[in-house]
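Visitor: The structure's right below; bear with me while I get my questions together.
Coordinate-derived values only; no laboratory data. None of the values given here were measured: they were computed from a predicted structure. Cβ coordinates were reconstructed from backbone atoms using ideal geometry, including for glycine residues, and neighbour counts include every protein chain displayed.
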Amino acid sequence: GTLVKELTEKCCQGADLVVFRVQVDGDVVTMVNRARDGMSAMARTTALTCAAFARWVAAGKMQFTGVIPPEKLATDQAAYQFILDTLRVR
């Protein structure tokens, strides 16, 4: 079979779950994301964040130029808040 067929048969069974935990300087954040509304948890975790960032750029709010690593973008409070607000709605 093809790679796509193999992956579809083995990896697309049932709803997925994404859990991650970040601990920095004594602060702990845990995120649990479950598949819902026909969208996998992994898609919700990655694609929705990417789409929120794209909306921020399309709105003309980008202050940086060139290739921007996420950790640099996270230092921009306006970008961070826009992305969080967008994700909160989703």
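Visitor: Can you give me the distance in nm between label points at residue 7 and residue 27, each placed 7 Å from the Cα along the Cα-to-Cβ direction?
Guide: Roughly 3.5 nm, to one decimal.
Visitor: So what is the relative contact order for the chain, in percent, with contacts set as C-alpha pairs under 8 Å and at least six apart? Don't jump to the answer; show the numbers that get you there.
Guide: Values: 66 pairs, mean separation 17.7, N = 90.
Relative contact order comes out at 20 percent.
Visitor: Find how much the distance from residue 19 to residue 50 grows on full extension, using 0.36 nm per residue of separation minus their present alpha carbon separation; answer in nm with one decimal. Intermediate results must be reported in sequence, preceding the final value.
Guide: On the way: separation 31, 0.36 × 31 = 11.16 nm, distance 1.82 nm.
Here the segment from residue 19 to residue 50 would lengthen by 9.3 nm.
Visitor: Taking one equal scatterer on every alpha-carbon of the chain, how large is log10 of I(q)/I(0) by Debye at q = 0.12, 0.16, 0.17, 0.18 1/Å?
Guide: The Cα Debye sum returns log10 ratios of -0.53, -0.83, -0.90, -0.96.
Visitor: Given a cut-off of 18 Å, what percent of all Cα-Cα pairs of region 37-90 lie beyond it? List each step's numbers first, then the result.
Guide: Details: 435 of 1431 pairs.
Summing the P(r) tail past 18 Å for region 37-90 gives 30 percent.
Visitor: First measure r as the distance between the Cβ atoms of residue 58 and residue 88, then evaluate 1/(1 + (r/R0)^6) with R0 = 22 Å and state the FRET efficiency to the nearest 0.05.
Guide: 0.70
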